[in-house]
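Read-outs: derived from the displayed coordinates by stated rules, not from any lab. Note that this is a predicted model, so its numbers are computed, not measured. Backbone-built Cβ (ideal geometry, glycine too); neighbour counts: all protein chains shown.
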Amino acid sequence: MRKLYAVLSIVMLVGVLLSGCGGGGTGGNAKAFRVAVVMPSAINDLAFSQSMYDALVTIQTERGGAENFEIAYSDGTFVVDDAAAALRDYASQGYDLVIAHGSQYGSSLQEIAPDFPETSFAWGTTVDTFVAQGIENVFAYEARAEEGGYVNGVIAGTQTESNVIGVVGPIETGDAKLYVDGFIAGIQAANPAAEVNVNWIGSFSDVALASEAAQTLVNAGADQLSGTAQMVVGAVGVAEENDVAWFGTQSNQTSLAPTVVVANQVYDWTVVLDQMFDLIEKGTLGGQAFALSLENKGLLIEYNSAYNLSDEAKSAAEETIKGIVAGSIAVNVGE
């Protein structure tokens with residue numbers, strides 16, 4: 001009988017130990033943290049959507065893989081109704097966080113979020129969490145894109161020879177407008193004599209229209225070009241064909257045209273996502289807004305090492321970054 005008690009005690013102890021070590025979560029029996037994201041373009045667009053996808057993959061790796069951090073995504077959902085259906089579907093599946101990665105999805109999210117009060121949502125780029133409408137489970141995020149835009153503008157204004165610089169913009173809203181406004185401000189600070197021509201094409205995704213706009217700018221004498229959103233692949237192609245310098249944003253676009261890409265403002269969304277995940281895991285499902293900046297290193301300036309950037313332009317850029325971070329350079333642009 002004494003042996004039987006001993007065996008039972010060992011079995012119970014092993015059971016306790018297994019129950020403490022089992023499961024595929026972040027510790028104990030904790031389940032995987034599940035994130036779903038709906039994006040307007042492809043995950044390899046070298047722009048807005050890829051910046052978010054890359055951040056999620058980085059966090060997944062840091063957290064030990066898919067068994068601890070699950071990612072689901074719907075990309076190419078530029079039709080808002082399709083995006084809304086995907087957002088609702090992910091919420092109904094019990095994801096911990098559902099991200100609407102596009103300001104065009106805001107009205108849909110405002111309708112969907114109240115139907116799933118136990119699910120956390122996030123959307124960007126914006127600062128509106130819908131708290132004023134009584135919604136408490138939505139986070140907001142944005143990129144202070146004007147900061148990196150200003151740095152790129154300083155470089156462009158410093159190195160231009162024609163004193164004509166062109167910008168291909170998508171729709172005049174969100175981080176696109178911030179970036180363009182910052183780019184112009186940086187050019188004006190470095191070279192007040194430079195002429196800046198902006199062509200807003202009215203689309204985030206029309207590659208052909210972006211190409212046409214870029215060619216028009218080049219024909220007008222631009223020797224430096226920039227632009228934002230996934231449609232810029234068309235504009236970058238024109239820049240390469242005409243040997244015109246290109247400045248990227250959102251993601252590193254050097255691979256598109258290694259001979260003409262000068263520098264890129266890169267979004268690192270891990271800076272804000274990690275904060276959201278921490279809040280969600282502690283029970284806060286929304287109500288806060290976050291921003292990427294040069295100061296918190298959510299915005300990074302990555303130079304193309306293959307481009308022959310002058311010491312003067314590089315020095316001007318580095319001093320500008322230091323000034324923005326320190327607060328001695330204020331990038332004041334309109335929303």
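Computed values, structure above
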| item | result |
| --- | --- |
| Ile171 paired with Gln93, simple spin-label distance in nm, labels 7 Å along Cα-to-beta-carbon | 2.6 nm |
| Helix 232-241 axis, angle to the chain major axis (alpha carbon atoms, nearest 10°) | 40 degrees |
| Virtual spin-label span in nm between Ala42 and Asn163, 7 Å along Cα→Cβ | 4.2 nm |
| Placed amide H near Gly227: partners under 5 Å, 5+ positions off or other chain | Val168, Phe247 |
| Cβ-Cβ FRET estimate between Glu62 and Asn242, R0 fixed at 41 Å, reported to 0.05 | 0.50 |
| Mean shadow area of the range 149-262, taken as a quarter of the surface of its Cα convex hull (nm²) | 5.7 nm² |
| Helix-only mean residue ellipticity at 222 nm for the chain, each DSSP H run of n ≥ 4 adding -39500 (n - 2.57), per residue, nearest 500 | -13000 deg cm²/dmol |
| Calculated log₁₀ intensity ratio I(q)/I(0) where the Debye formula runs over C-alpha points of the range 177-237, q = 0.28 Å⁻¹ | -1.25 |
| Glu295-Ser203 pseudo-label distance in nm [points 7 Å out on the Cα-to-Cβ vector] | 3.9 nm |
| Nearest-ten-degree value, helix 207-219 long axis tilted from longest Cα axis of the chain | 30 degrees |
| Farthest positive-ward along the range 87-216 dipole, Cα basis, beta-carbon charges - from Ala193, Ser120, Val151 | Ala193 |
| Proxy reagent accessibility, fewest Cβ within 10 Å first, across Trp200, Trp123, Trp246 | Trp200, Trp123, Trp246 |
| 5 angstrom amide H check on Trp123, placed H, neighbours 5+ away | Ala100, Phe139, Ala140, Tyr141 |
| Net length gained if the chain between Val79 and Val131 were fully extended (0.36 nm per residue, minus Cα distance) | 16.1 nm |
| Positive-end residue of Leu256, Gly283, Tyr267, charge dipole of the range 176-335 with Cβ unit charges | Gly283 |
| Karplus-derived HN-Hα couplings along the range 54-64 (A = 6.51, B = -1.76, C = 1.60, θ = phi - 60°), whole Hz, x at Gly and Pro | 4, 5, 5, 5, 4, 5, 4, 5, 5, 8, x |
| Amide H contacts under 5 Å for Ala291, placed H, 5+ residues apart | Glu142 |
| Convex hull (Cα only) mean projected area of the range 211-304, reported in nm² to one decimal | 7.3 nm² |
| Percent of Cα pairs exceeding the 16 Å cut-off, where the set is the range 258-317 | 59 percent |
| 0 to 90° range, to nearest 10: angle between helix 2-21 axis and the chain longest Cα axis | 20 degrees |
| GNM top mover of Asp89, Asp181, Asp206 - the chain, alpha-carbon springs below 10 Å | Asp89 |
